[in-house]
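The values are calculated or read from the model by the stated rules, or taken from the named source; none is laboratory data. From a predicted model like this one, the values you see are computed outputs, not experimental measurements. No Cβ is skipped: glycine too gets one built from the backbone with ideal geometry, and neighbour counts run over all protein chains shown. Heavy atoms of the whole protein, side chains included, go into the accessibility calculation; ligands, DNA and RNA do not. Shrake-Rupley method; radii C 1.70, N 1.55, O 1.52, S 1.80 Å.
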2 protein chains.
Amino acid sequence: MPRHQNRAAAGGRRRASHSMESVLTEAVALLDEAGPSALTFRALAQRLGGGVASIYWYVASKDELLDRATDHVIGGVLAEIEAIEPGDDPIDHLRAMSLTLFDAILVRPWLGNYFMRNTDVQGNALRLYEKLGQPTLRLKLTARQRFHAVSAITTVVVGSAVDLGQEPPQEVLDGAVGRDEFLGRFAATWRELDAVDFPFVHEIVDEFDGHDDIEQFRAALDLTLAGLRLQADA
Amino acid sequence: MPRHQNRAAAGGRRRASHSMESVLTEAVALLDEAGPSALTFRALAQRLGGGVASIYWYVASKDELLDRATDHVIGGVLAEIEAIEPGDDPIDHLRAMSLTLFDAILVRPWLGNYFMRNTDVQGNALRLYEKLGQPTLRLKLTARQRFHAVSAITTVVVGSAVDLGQEPPQEVLDGAVGRDEFLGRFAATWRELDAVDFPFVHEIVDEFDGHDDIEQFRAALDLTLAGLRLQADA
DNA sequence: GGTACGATAGAACAGCGTTCGATAGAGATG
DNA sequence: CATCTCTATCGAACGCTGTTCTATCGTACC
């Protein structure tokens, strides 16, 4: 474990001088630029201008690196979420916070896979969970209902974001194929299915084709919140 | 691509003789017995009594292997789901199907990570999606609402199951530490948090401690379904 | 100056997915 | 019967990964 890693990097060229901060920042940069598969200890070491083994002084394993990197950016999200005005309606507040979290994960799809995986090292994630829960304290619910409500909401947020953000088949990452065309191909396949065996797929294929991810998420969230409101008003 | 892989395995000992079926069955067995990290081409080859490269005749990559293995067991789940009586209430039907799917993923946590990842090779997953959608055709909804509703439900089911099923920290896999004790440790940490900064966490920590995963899922599902019922009755 | 320790790093290890090239066997063809 | 073809198999190798071992540099303290 690193302590007193303050002293700035002094001019030396031979040996690199890191810090927890720089390690996490560069790790996040790699994740952002080229996805999870690009974050390797070797790539990270090269970026830091040092050796591979040095990283292990700050972090015990790749899992911990991912947990800490995740919590590092969740810190920023937490700040955004804390800046939101509570307003009159607790459920509206919950909704606003959820949308903020969703946006953050949508920009960084890898976040969803590690978020809240280990609250021991993910202090910010825990604080965020707390923030998400606080509005429910203003609702007429049992403790169990509050617990379940917040669990349900985080599931919807993270689940949606992860689903939407799973690494696209490379061709769209390259920009060779647009997302719309990608969706269109699936839609085309679906349209060719037997209309008798697949009435539902045919019913919704036009909605699927070129659909908006954010709108889809908002719909899912609103169903859950509507259910919650019903429960609180009962 | 394999064709006409019917002919039974003839008595030869020197060379192994596989089939798509046997490859997928053994792959699933490995996943079930020791989780995703245990499914390697080498381990699978050994189980099949053959060489590593042979597997590549049936499958182009590990991703495809996982997709096919997933769809293989989804086939069974689909049969269970098709056996469910529709009943009078479409939403109850939806609920029953969701619970069946959830149970299946809970037993095989790895399922959630690959389910519906590529409907091209996952024909059963697509059929399951269709089945989940059919009850919504009996509800008074727009096509878009139907699409969003089914998306929301699959997100809740898969999201919950994935969340609950992420590989536990080895110690509970070994049985050295029970799940309750594992939860209890987290609960203990949470209880030590400042009561002023973490009012919500304190409120729900007792619910978290020793909570039942299935109940938690059912609560999330019911919130969504309540919202859906509201929408359909409007 | 010597010593303890925080911090760095190169080299090696075991394991992974994947590819290559060779080849065994069954069925068709002459 | 010999040969040819195509399906299916496999051992060995490649490049990459996370991780560990061991050696060392450089600073702070006595």
- Note on the structure: Reported to the nearest 10 Å², B:ASP212 has, with a 1.4 Å probe, an accessible area equal to 70
- Message: Net charge around A:LEU193, counting only other residues with Cβ within less than 11 Å of its Cβ (Lys, Arg = +1; Asp, Glu = -1)?
- Response: -2
- Query: What is the Cα convex hull volume of region A:110-161 when expressed per residue in Å³?
  - Reply: 76
- With R₀ set to 60 angstrom, the calculated FRET efficiency between the beta-carbons of A:THR142 and A:SER37, to the nearest 0.05, is 0.85
- Using the Kirkwood radius over Cα pairs, work out the Stokes-Einstein diffusion coefficient for chain B at 10 °C and 1.306 mPa s, in µm²/s as a whole number. 78
- Query: If one takes the longest principal axis of the Cα atoms in chain B, at what angle in degrees, from 0 to 90 and to the nearest 10, does the Cα axis of helix B:213-233 lie?
  - Reply: 70
- Message: Give the B-A buried accessible area in Å², both sides summed, 1.4 Å probe, nearest 100.
- Response: 4500
- Task: Using Cα pairs closer than 8 Å and at least 6 residues apart in sequence, work out the relative contact order for region A:74-234, in percent.
- Result: 26
- Item | Inter-copy label distances at A:ALA34 (7 Å, Cα→Cβ; nm, one decimal) | 3.2
- Message: How far, in nm to one decimal, is A:GLN166 from itself in the other copies if the label point is set 7 angstrom along Cα toward Cβ? Shortest first, please.
- Response: 1.6
- Query: How many nm separate the modelled label positions at A:ASP233 and B:PHE182, each set 7 Å beyond the Cα in the direction of the Cβ?
  - Reply: 4.0
- Query: Excluding the sites themselves, what is the longest stretch of chain A that contains no trypsin sites (Lys or Arg not before Pro) in a DSSP loop with at most 14 other C-beta atoms within 10 Å?
  - Reply: A:16-139
- By the gyration tensor of its Cα atoms, with a ≥ b ≥ c the square roots of the eigenvalues, what is the shape of the protein assembly as shown: rounded for a/c under 1.5, prolate for a/b over b/c, or oblate? oblate
- Mean per-residue count of partner chain Cβ within 10 Å for A:149-161 equals 6
- If Lys and Arg each add +1 and Asp and Glu each add -1, what is the summed charge of the other residues whose beta carbon sits under 12 Å from the beta carbon of B:ARG229? -2
- Taking the Cα-to-Cβ direction at A:ALA60 and at B:ALA60 and moving 7 Å from each Cα, how far apart do the two end points lie in nm? 4.2
- Message: Looking for one value pair here: nearest-to-axis residue in chain B (by Cβ) for the rotation onto A, and the distance in whole angstrom.
- Response: B:GLY159, 1
- HN-Hα couplings for region A:184-201 via Karplus (6.51, -1.76, 1.60; θ = phi - 60°), in whole Hz with x for Gly/Pro, come out as x, 4, 4, 4, 4, 4, 5, 5, 7, 5, 4, 5, 7, 6, 10, x, 5, 4
- Note on the structure: Neighbours of B:PHE217 by Cβ distance under 13 Å: Lys/Arg at +1, Asp/Glu at -1, summed charge -4
- Query: What FRET efficiency, computed as 1/(1 + (r/R0)^6) with R0 = 22 Å and r the Cβ-Cβ distance, is obtained for B:GLU203 and A:ALA83, rounded to the nearest 0.05?
  - Reply: 0.40
- Item | At 7 Å out from Cα toward Cβ: A:SER17 inter-copy label distances (nm, ascending) | 7.0
